[in-house]
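The block underneath contains the structure these notes are about, expressed in structure tokens.
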Amino acid sequence: MSFEEIYDTYYSKIFRVCMGYMNDHDRARDVTQDTFISVWQKLDQFRNESAIGTWIFRIASNHCLRQLEKQNRMPIGEMPAELEDKAPPDTEGQVQLLYKCIAQLPEIDRIIISLELEDIKQAEIAAITGLSETNIRVKVYRIKEKLSRKFKKYEPQY
């Protein structure tokens, strides 16, 4: 598979996973770009020990985690009061609310649910996260319950 085919196949999926981690459109786009730069640089090192998608999702997860670590180390400045909170024009309110709810989850739960939302098989999610497949099944069920409860808190807005 050529890099162009990989990029076309996985870009939107990787972006959504990064969005689940970062909860910020621009930062998710940056991390997605970093992911594909790494894929380009390391494509010749891919050993076919797992599916290429699993390998790419693992690279994306690692980039997201490193970015979050950097973010947590840097002090966050005060946001100017005069700036408006503007949503990207192509996203719907409920999708934004879902990402907001996902952002409130612990890191490992964000990883798991972001991959689950991309229809990644639970066996692959287990390989990506290093957890057992059984543990992934249980976590997915519990995460969905948490998200349902969080979503219902905001429901009157929609």
Could you provide, to the nearest whole Å², the per residue accessible area of the chain with probe 1.4 Å? 65 Å²
In degrees, nearest ten, helix 93-103 long axis to first principal axis of the chain (Cα): 70 degrees
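Pulled fully out, how much extra length does the chain show between K144 and S12, if you take 0.36 nm times their separation in residues and subtract their Cα-Cα distance?
Contour length minus Cα-Cα distance gives 45.3 nm.
How long is the gain from I37 to V95 if the chain were fully straight, where each residue apart is worth 0.36 nm and the alpha carbon distance is subtracted? Walk me through the numbers on the way to the answer.
Details: separation 58, 0.36 × 58 = 20.88 nm, distance 2.74 nm.
Stretched out fully, the I37 to V95 stretch lengthens by 18.1 nm.
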Unsatisfied cross-links (Cα-Cα over 29 Å) in the set K42/K139; K42/K100; K121/K150: K42/K139; K42/K100
Could you tally the net charge around K139, taking each other residue with its Cβ under 13 Å from the Cβ of K139, Lys/Arg +1 and Asp/Glu -1? 0
Expressed as cubic angstrom per residue, what is the convex hull volume of the alpha carbon set of the range 1-70? 81 Å³
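I want the local charge near L105. Using Cβ-Cβ distances under 13 Å, sum +1 for each Lys or Arg and -1 for each Asp or Glu among the other residues.
Numbers: positive: K100, R110, K139, R142, K144, K146, R149, K150; negative: E107, D109, E116, E145.
Around L105, the charge tally is +4.
Calculate for the chain the 222 nm mean residue ellipticity that helices alone would give, adding -39,500 (n - 2.57) per DSSP H run of length 4 or more and normalising by residue count, nearest 500 deg cm²/dmol. List each step's numbers first, then the result.
Values: 7 runs with 112 residues, N = 158.
Using -39500 (n - 2.57) per qualifying helix, the result is -23500 deg cm²/dmol.
The values are calculated or read from the model by the stated rules, or taken from the named source; none is laboratory data. This structure is a prediction, so every number in the text was calculated from the model and none was measured. Every residue, glycine as well, gets a Cβ built from its backbone with ideal geometry; the counts of neighbours run over all protein chains shown. Note: accessible area is taken over every heavy atom of the protein model, side chains too, but ligands, DNA and RNA are not part of it. Shrake-Rupley method; radii C 1.70, N 1.55, O 1.52, S 1.80 Å.
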